[in-house]
1. Once you order the gyration tensor axes a ≥ b ≥ c over the Cα atoms, which shape class does the chain get: rounded for a/c under 1.5, otherwise prolate or oblate by comparing a/b with b/c?
2. Under a Cβ-only charge scheme (Lys and Arg +1, Asp and Glu -1), can you give me the dipole magnitude of the chain about the Cα centre, in debye to the nearest 20?
3. Quick one: among 65, 24, 56, which has the greatest mean-square fluctuation in a GNM of the chain with alpha-carbon springs under 10 angstrom?
4. With the contact rule set at Cα under 8 Å and sequence spacing of 6 or more, what percent relative contact order holds for region 43-82?
5. With contacts defined as alpha carbon pairs under 8 Å and 6 or more residues apart, what's the relative contact order of the chain in percent?
6. Given only helices, namely DSSP H runs of n ≥ 4 each adding -39500 (n - 2.57), what is the per-residue ellipticity at 222 nm of the chain, to the nearest 500 deg cm²/dmol?
7. Using the Kyte-Doolittle scale, which helices in the chain average at least 0.0 and also have C-alpha atoms spread 18 Å or more along the helix axis, with helices defined as whole DSSP H runs?
8. Taking the Cα centre of region 13-74 as origin and charging only Cβ (+1 Lys, Arg; -1 Asp, Glu), how large is the dipole, in debye to the nearest 20?
Amino acid sequence: MPETPEATVPSLEPHLNAAATGNVALIEWRTTRIALTDADQLRTALAALCPSPVEVVRENGSWSVTVRSLPIAVEATDIDTAITAALTALRTQTHEHRPHNYGEWVLRQLIHLSDDTQLREWAITGACIHLY
């Protein structure tokens, strides 16, 4: 009798229970070790590791938002519109491009684990703001 997919894949329940109680569960898949952990705790740790690369400049009644090390630059007449557009571009950029180094990997994971409110708070709290 052929094996069913359920018979060949170990149950994830013990791993999910471990992650839900604050522990890390490791799963080996082919040649890769995969960690299951609490996403909120991981997001908080990544936010502490990754300072906001957002820079905001107000000059001549206009707001400019750039993201260091990424080709993102937005200009708008109000700061909320500029920040929202920059964060949308940041999500798109990290979704479409594979990370090339550890810093980009951390940033990508942080963005994927953050909702819009969390991402905005992280970006603005650590942003470098220049008023001219």
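1. It comes out prolate by the Cα gyration axes.
2. Computed about the Cα centre, the dipole is about 380 debye.
3. Judging by the Gaussian network model, the answer is 24.
4. 28 percent.
5. In percent, rounded to a whole number, it is 24.
6. The helix-only estimate for the chain comes to -14000 deg cm²/dmol at 222 nm.
7. Span-like helices in the chain: 79-96.
8. 180 debye
Read-outs throughout are calculated quantities, based only on the coordinates presented, and are distinct from any laboratory measurement. As the structure is a prediction and not an experimental result, all values here were calculated from the model. For neighbour counting, all protein chains shown are included, and Cβ atoms are generated from backbone atoms with ideal geometry for every residue, glycine included.
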